Amino acid sequence: MIDPKVLATRFPGDFLFGVATASFQIEGASKADGRKPSIWDAFCNMPGRVYGRHNGDVACDHYNRLDADLDLIKNMGVEAYRFSIAWPRIIPDGTGPINERGLDFYDRLVDGCKARGIKTYATLYHWDLPLTLMGDGGWTARSTAYAFQRYTRTVMERLSDRLDAVATFNEPWCSVWLSHLYGIHAPGERNMDAALAAMHYTNLAHGLGVQTCRDVAPNVPVGLVLNAHSVIAASDSAADKAAAERAFQFHNGVFFGPVFKGEYPSDFVEALGDRMPVVEDGDLTIINQKLDWWGLNYYTPMRVAADPNPSAEFPATVEAPFVNDVTTDIGWEVYSPALHSLVEELYRRYELPDCYITENGACYNMGVENGEVDDQPRLDYYVDHLSVVADLIKDGYPMRGYFAWSLMDNFEWAQGYRMRFGLVHVDYDTQVRTVKKSGKWYSSLAAEFPKGNHKKAAS
Ligand code: GCO
């Protein structure tokens, strides 16, 4: 087993180690203190959408166990906590009245972090859209972008004095393509036109959100969290290489392009531009604003080949086989070199600010035996991927921090509770938390930071 102290020497002393969660996945208390349903509550109630009809009503009961969970983070010795704020607790109908009791919860959360010396990395949108907004079309409606802007203002006015960083969105790829084209996530739409509308209005909402954060809290570093795909062509054939470029544009370029360059990618526009909603004058300027940082969520590569069907819709690719036969329990290929090539490729194509790995981790479902969880494969995954992050630092990329996904086992979206990503095991019958072997290892790594060998961090 790699000694965490040895691995620690490969990171600068001000490198930030943290853990991540998201509101819907852990909070439970879905009807408490004025919260109203989100699109995920509705989706969970629809047969056939979520494994076992699992839902977020109780989850990890984090809403009621806040202090104990913050103690857990503190005891793990990590420096930062990445969490998300539930819009349906703050403005339960999406627009309309503000729910003070919802804000109170996040007040307690950030105060609790500060009291324990834990840095706060907040995400404004991690997929729990207030259900009422579906009446207007949800993310396919331009009005949702403005509703998001008002929600952003409400949150920032209350919490920003205690935030170390804020992200507008978590993984727009999921809330756009996975939710509106592939139908796997809420609202379960399967329609390119709907997805293209969700794409542009999500990008617009990001831009409006950035403006609002700057306006209310100019000193809080603002970023965006993207699950950029490490697209790898199945072969060196011209057809597969062209397919990989189309896939890059479709899965990455439609977010990175407008945000970091002020334009949608050219082949994508040629293929699908006439089905996009109206891009109004000024939209791209709003979307293309300088960010202080960006977050990369990485788990597994995306291998693609050209779709042989001549009438296939852009990006006209099919999945290609894994090259590594090591997979996690959710069936994802373990392949850390793709993290390296992805970061290289993104910095080659775009002018990107400082990068935090805002999620990385592995699904392994082993349980508690004699009070212990022996999850060696997860630990191996962390060692493997953290070594790549250290290589990237050595190669000069501005990698500033790393958040393990996840602090604890939680509601894994369409997979329900059967897929576990935690450093801490959760027994959903008793809500007992047990730190896994990987969690103990990560603690000893994090405990080395901050360490003495650093240039003072910018803030
Ligand atoms: C994500 C998600 C997490 C998932 C994780 C594992 O942003 O994709 O934040 O919510 O649980 O990625 O699938």
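The values are calculated or read from the model by the stated rules, or taken from the named source; none is laboratory data. This structure is a prediction, so every number in the text was calculated from the model and none was measured. With ideal geometry, Cβ positions are generated from the backbone for all residues, glycine too; neighbour counts draw on all protein chains shown. When the accessible area is computed, the model is the full protein with side chains, heavy atoms only, and any ligands, DNA or RNA have been set aside. Shrake-Rupley method; radii C 1.70, N 1.55, O 1.52, S 1.80 Å.
So what's the net charge close to M302: Lys and Arg +1, Asp and Glu -1, counting the other residues with Cβ under 11 Å from its Cβ? Here the charged neighbours net out to -1. Would you please state which residues of region 222-251 a label at N309 would reach in this model, taking the label point 7 Å out along Cα→Cβ and a backbone N cut-off of under 20 Å? Output list for this probe position: 234, 239-248, 250-251. Which of the three applies to the chain, rounded, prolate or oblate, going by the alpha-carbon gyration tensor with a ≥ b ≥ c and a/c under 1.5 meaning rounded? Taking the square roots of the gyration eigenvalues as a ≥ b ≥ c, the chain is rounded.
Here region 175-262 exposes an accessible surface that is 49 percent carbon and sulfur, computed with a 1.4 Å probe and the other protein chains kept in place.
Shown is the FRET efficiency for V279 and R108, computed with R0 = 35 Å from the Cβ-Cβ distance and rounded to the nearest 0.05: 0.30. Annotation: amide H-H contacts under 5 Å for L16 (H modelled 1.01 Å from N, sequence separation of 5 or more, or interchain): G401, Y402.
With a ≥ b ≥ c the root eigenvalues of the C-alpha gyration tensor of region 29-159, is it rounded (a/c under 1.5), prolate (a/b larger than b/c) or oblate? Oblate. By a 1.4 Å probe calculation restricted to protein chains, R142 has an accessible surface near 40 Å², given to the nearest 10. Taking amide H atoms as placed 1.01 Å from N in the peptide plane, the amide H of W127 lies under 5 Å from those of N170, each 5 or more residues away in sequence or on another chain.
Relative contact order of region 258-405: 25 percent, from C-alpha pairs under 8 Å at least 6 residues apart in sequence. Surface composition of region 319-408: carbon plus sulfur atoms contribute 45% of the solvent-accessible area (1.4 Å probe, protein chains only, all chains present). Taking Lys and Arg as +1 and Asp and Glu as -1, the other residues whose beta-carbon sits under 11 Å from that of G367 total -4.
For a straight C-alpha distance cut-off of 22 angstrom, the lysines reachable from K261 (same-chain residues fewer than eight places away being disregarded) are K290. Rolling a 1.4 Å probe across the protein heavy atoms gives the chain an accessible surface of 37 Å² per residue.
To make sure I understand the rule: partners must be lysines, Cα under 25 Å from the Cα of K5, and not fewer than 8 residues away in the same chain. Which ones qualify? The reachable lysines, counting only those whose Cα sits under 25 Å from K5, are K74, K119, K394, K436, K437, K440, K451, K455, K456.
Using the Cβ-Cβ distance between A238 and K394 with R0 set to 56 Å, the FRET efficiency from 1/(1 + (r/R0)^6) comes to roughly 0.95. Residue-wise HN-Hα couplings along region 249-254, as the Karplus relation 6.51 cos²θ - 1.76 cosθ + 1.60 with θ = phi - 60° gives them from phi, are 4, 5, 8, 10, x, 5 Hz; Gly and Pro carry x. For the chain, the relative contact order works out to 19 percent when only alpha carbon pairs closer than 8 Å and six or more residues apart are counted.
Taken as Cα centroids, region 322-388 and region 98-148 sit 28 Å apart, rounded to the nearest whole angstrom.
Dipole magnitude for region 140-188: computed about the Cα centre from +1 point charges on Lys and Arg Cβ and -1 point charges on Asp and Glu Cβ, it is near 200 debye. Sequentially through region 411-418, phi angles give Karplus couplings (6.51, -1.76, 1.60; θ = phi - 60°) of 6, 8, 6, 4, 8, x, 8, 6 Hz, Gly and Pro residues having no value and appearing as x. Ignoring ligands, DNA and RNA, what percent of the 1.4 Å accessible area of region 1-143 is carbon and sulfur? Carbon with sulfur: 52 percent of the solvent-accessible area.
Each residue of region 288-302 was assigned a 3J(HN,Hα) from its phi angle through the Karplus expression (A = 6.51, B = -1.76, C = 1.60, θ = phi - 60°), giving 8, 10, 4, 10, 7, 6, 9, x, 10, 9, 10, 10, 7, x, 10 Hz with x at Gly and Pro.
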